[in-house]
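The values are calculated or read from the model by the stated rules, or taken from the named source; none is laboratory data. Predicted, not measured: the structure shown is a model, and the values here were computed from it. Using ideal geometry, Cβ is built from the backbone for each residue, glycine included, and neighbour counts are taken over all protein chains shown. All accessible areas refer to the heavy atoms of the entire protein, side chains included, with ligands and DNA or RNA removed. Shrake-Rupley method; radii C 1.70, N 1.55, O 1.52, S 1.80 Å.
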Amino acid sequence: MPETRLSGVAVSPGRAGGPVVRVAEPLGEPPRTPPPVDPAADAARIEPAAAIVARRLEELAATSHGEAAEILTTTAAMATDPALIREAERLVTVEELPAPRAVHDAAGGFARSLAAAGGYLAERVRDIEDVRDRIVAELLGAAPPGVPDLPSPSVLVARDLAPADTAGLDPAKVLALVTEQGGPTSHTAILARALGIPAVVAVRGLLEFDAGALLVDGDTGYVERADPRAPVVTAVRPVSADWNGVGSTADRHRVKVLGNVGSTSDARAAVAAGAEGVGLFRTEFCFLDAPGEPGVAEQRAAYAAVLGPFAGKPVVVRTLDAGADKPLAFLAPEPEPNPALGVRGLRVAFERPGVLERQLEAIAAAAADSGAEVSVMAPMVATAQEAEWFAKRARSAGISRTGVMIEVPAAALAAGEILDVVDFVSVGTNDLAQYTFAADRQLGAVAALNDPWLPALLRLIELIGEAGRAAGKPVGVCGEAAADPRLARVLVGLGVTSLSMNAAAIKAVGASLATATLADCEAQARDALAHRKDAPA
Ligand code: PEP
Ligand code: MG
């Protein structure tokens with residue numbers, strides 16, 4: 001009997017099902033050899049392949065609306081750009097490159113000129129690369145890489161997805177998302193939750209599981225074979241709990257319930273869900289596709305748009321957290337053997353302080369434009385000296401309230417010294433778990449270790465809570481642990497003073513806190529600390 005059901009890690013709630021669309025693997029660079037046997041004939045394949053790609057893009061534009069339709073029409077025109085096609089043909093007939101490689105190299109030349117031109121033109125680099133990959137795939141008879149254009153609502157199946165791919169998904173077309181790789185705190189999972197798309201990651205055997213249709217349960221982690229003729233099931237979400245909008249325990253111990261945002265639509269969703277402010281604004285999510293460093297004016301406008309819905313409310317803006325699983329083209333480090341342990345987060349700013357200074361200037365201006373009560377915090381801080389370095393620069397930029405994230409075990413152990421030099425800390429449990437358990441947050445095989453209930457992680461949070469109490473300064477949690485309504489009570493019992501999460505979790509967490517007294521939370525924290533859950537189930 002073939003398997004009818006697989007299981008993975010449920011990362012975004014809701015149940016949905018429908019036809020499967022597979023995300024093709026990246027093609028890689030086409031080889032330069034062997035040279036074509038008949039260069040003229042090989043060159044003659046390019047124009048028809050480009051025409052097919054353009055036609056597909058135009059068809060898609062016809063069924064899309066607004067900005068998406070405009071982008072698709074422009075991209076279709078790029079595919080049949082005579083200059084691109086003539087250059088590719090020349091590379092085949094004169095330089096004797098195979099047609100796929102010729103298209104790759106010709107498009108590369110165009111992309112470099114666009115990047116050098118800067119501004120609006122530089123933003124078209126991704127589009128020309130997209131066109132390039134589509135024509136190359138057509139010439140090779142392969143599926144175009146990346147997220148395919150979905151003709152109708154479908155379940156997306158992939159080995160893994162880049163954050164930029166996930167951010168661009170249309171929740172109206174993507175019924176659910178299932179990946180073979182990825183962990184509960186990977187950015188794909190975080191973005192799927194923000195978009196309200198049910199998702200299951202780390203599903204072993206998924207890519208060999210031959211199914212025309214799937215039913216995906218983002219609450220239990222089960223992925224079942226479904227009848228392809230059965231009607232599409234759109235996400236069924238749990239009924240949201242009742243909450244009065246003021247975060248506190250039953251005995252009025254105040255714990256702010258805040259939103260995690262990375263875009264204007266996230267900000268609106270957080271306000272609609274009742275967020276009392278923002279505990280984590282991931283600024284890098286504004287620029288996942290940016291080919292070059294956005295100017296101060298562009299950054300100011302992007303940040304002000306996200307801050308706008310929170311005028312008069314507290315918002316913690318995190319400075320760019322680039323690197324490892326969130327690469328930004330304009331902050332790419334030298335190749336590293338272990339990017340998660342390399343130059344990422346604040347470490348990028350040590351090498352390029354100008355980038356941080358320009359960002360802080362833009363944040364300060366956006367704060368004034370929007371009327372939000374803005375604080376800033378730095379990602380990936382390891383020592384009190386690093387925290388002080390950052391706080392000094394933030395204060396010189398005119399941002400008086402500064403903090404840092406605690407995501408590295410060394411920083412958790414030095415929380416007291418760190419709180420001597422900043423106004424608050426916020427615990428990034430996603431990375432803190434990754435580094436505590438030495439378990440890559442993107443890797444399905446070690447997903448069980450990225451479990452925020454594991455006592456070793458809770459003990460580190462307890463240390464941070466104690467340091468916060470001793471310093472009389474706030475300790476937030478903005479990792480995914482804060483979005484678990486039961487764990488939220490444990491975190492409060494460990495001394496955490498605010499919780500920040502995706503919009504979908506806000507009401508349930510607010511309601512959960514309201515049902516327990518502070519003493520209940522402390523008792524639940526003691527239980528969780530003592531619970532021996534040291535081995536993965
Ligand atoms: C974290 O690491 O917990 C965190 C909130 O930051 P990010 O998920 O963006 O790395
Ligand atoms: Mg982090």
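Computed values, structure above
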| quantity | calculated |
| --- | --- |
| Lone qualifier among 255, 271, 261, 278 - being among the β-branched types (Val, Ile, Thr), away from ligand 1 (no atom under 16 Å from the Cβ), closer than 21 Å to residue 371 by Cβ and modelled with pLDDT of 95 or more | 271 |
| Within segment 281-337, considering residues that are among the acidic types (Asp, Glu) and in a helix (DSSP H, G or I), the one nearest to residue 257 (Cα to Cα) | 284 |
| Residue check, residue 485 open to solvent by 30 Å² or more (accessible area, probe 1.4 Å), more than 16 Å from ligand 1 (Cβ to nearest atom) and either more than 21 Å from residue 417 (Cα to Cα) or out of contact with any Cys (no Cβ under 7 Å at 6 or more places or on another chain) (or both) | yes |
| Selected residue [within 30 Å of residue 167 (Cα to Cα) and either among the hydrophobic types (A, V, I, L, M, F, W, C) or in contact with a helix residue (DSSP H, G or I) (Cβ under 9 Å, 6 or more places away or on another chain) (or both)] from 89, 96, 70 | 70 |
| Residue in segment 134-142 that is open to solvent by 10 Å² or more (accessible area, probe 1.4 Å), in contact (Cβ under 8 Å) with a residue 40 or more places away in the chain and closer than 30 Å to residue 6 by Cα present | yes |
| Leading residue by the ranking (farthest from ligand 1 (Cβ to nearest atom)) among those in segment 303-324 that are of a type outside the set (A, V, I, L, M) and more than 12 Å from residue 283 (Cα to Cα) | 312 |
| Residue match in segment 13-34 (condition: free of Cβ contacts under 8 Å to residues at least 24 places away in the same chain and either assigned to a helix (DSSP H, G or I) or open to solvent by 60 Å² or more (accessible area, probe 1.4 Å) (or both)) | no |
| Scan of segment 419-466 for residues that are open to solvent by less than 40 Å² (accessible area, probe 1.4 Å), more than 16 Å from ligand 2 (Cβ to nearest atom), outside any helix (DSSP H, G or I) and closer than 20 Å to residue 345 by Cβ, ordered by number | 422, 424 |
| Residue match in segment 220-239 (condition: assigned to a strand (DSSP E or B), touching a residue at least 60 places away in the same chain (Cβ under 8 Å) and surrounded by 24 or more Cβ atoms within 10 Å (Cβ to Cβ)) | yes |
| For residue 496: the one exception among (1) open to solvent by 40 Å² or more (accessible area, probe 1.4 Å); (2) not in a helix (DSSP H, G or I) | (1) |
| Flag if residue 201 is within 23 Å of residue 376 (Cβ to Cβ) and among the β-branched types (Val, Ile, Thr) | no |
| Subset tally (residues that are in a loop (DSSP other than H, G, I, E, B) and within 13 Å of residue 275 (Cβ to Cβ)) for segment 470-493 | 1 |
| Residue 340 surrounded by fewer than 22 Cβ atoms within 10 Å (Cβ to Cβ), within 16 Å of ligand 1 (Cβ to nearest atom) and aliphatic (A, V, I, L, M) | yes |
| Of all residues making up segment 47-106, the number that are at pLDDT below 85, surrounded by 15 or more Cβ atoms within 10 Å (Cβ to Cβ) and in a loop (DSSP other than H, G, I, E, B) | 1 |
| Segment 241-280, residues that are at negative phi, in a loop (DSSP other than H, G, I, E, B) and not polar (S, T, N, Q) | 241, 242, 243, 246, 247, 250, 251, 253, 255, 262, 275, 276 |
| Criterion (more than 30 Å from residue 407 (Cα to Cα) and either over 22 Å from the mean Cα position of the chain (by Cα) or not acidic (Asp, Glu) (or both)) met by exactly one of 223, 201, 296, 246 | 223 |
| Top-ranked residue of segment 259-277 - restricted to ones that are within 16 Å of ligand 2 (Cβ to nearest atom) and either within 16 Å of residue 313 (Cα to Cα) or over 26 Å from the mean Cα position of the chain (by Cα) (or both), ranked as surrounded by the most Cβ atoms within 10 Å (Cβ to Cβ) | 261 |
| Hey, residue 300 open to solvent by 70 Å² or more (accessible area, probe 1.4 Å) and either within 16 Å of ligand 1 (Cβ to nearest atom) or over 21 Å from residue 168 (Cα atoms) (or both) or not | yes |
| Neighbours by Cβ (under 6 Å, 6+ apart or cross-chain): first from segment 394-412, within 16 Å of ligand 2 (Cβ to nearest atom) and at pLDDT 95 or above; second open to solvent by 10 Å² or more (accessible area, probe 1.4 Å) and of a type in the set (D, E, K, R) | 403/423 |
| Positions within segment 417-459 being over 17 Å from the mean Cα position of the chain (by Cα) and of a type in the set (Ser, Thr, Tyr), in sequence order | 426, 435, 436 |
| Whichever residue in segment 303-323 is buried (at least 21 other Cβ atoms within 10 Å of the Cβ) and free of Cβ contacts under 8 Å to residues at least 60 places away in the same chain and, among such residues, is nearest to ligand 2 (Cβ to nearest atom) | 321 |
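One line per residue, one yes/no per condition, for (1) surrounded by fewer than 20 Cβ atoms within 10 Å (Cβ to Cβ); (2) away from ligand 1 (no atom under 16 Å from the Cβ); (3) hydrophobic (A, V, I, L, M, F, W, C); (4) closer than 27 Å to residue 502 by Cβ:
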{"position": "394", "(1), (2), (3), (4)": "no, yes, yes, yes"}
{"position": "399", "(1), (2), (3), (4)": "yes, yes, yes, yes"}
{"position": "402", "(1), (2), (3), (4)": "no, yes, no, yes"}
{"position": "407", "(1), (2), (3), (4)": "no, no, no, yes"}
{"position": "412", "(1), (2), (3), (4)": "no, no, yes, yes"}
{"position": "416", "(1), (2), (3), (4)": "yes, yes, no, no"}
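Matching residues to (1) under 17 Å from residue 174 (Cα atoms); (2) aliphatic (A, V, I, L, M):
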| site | (1), (2) |
| --- | --- |
| 193 | yes, no |
| 203 | no, yes |
| 206 | no, yes |
| 220 | no, no |
| 227 | no, no |
| 231 | yes, no |
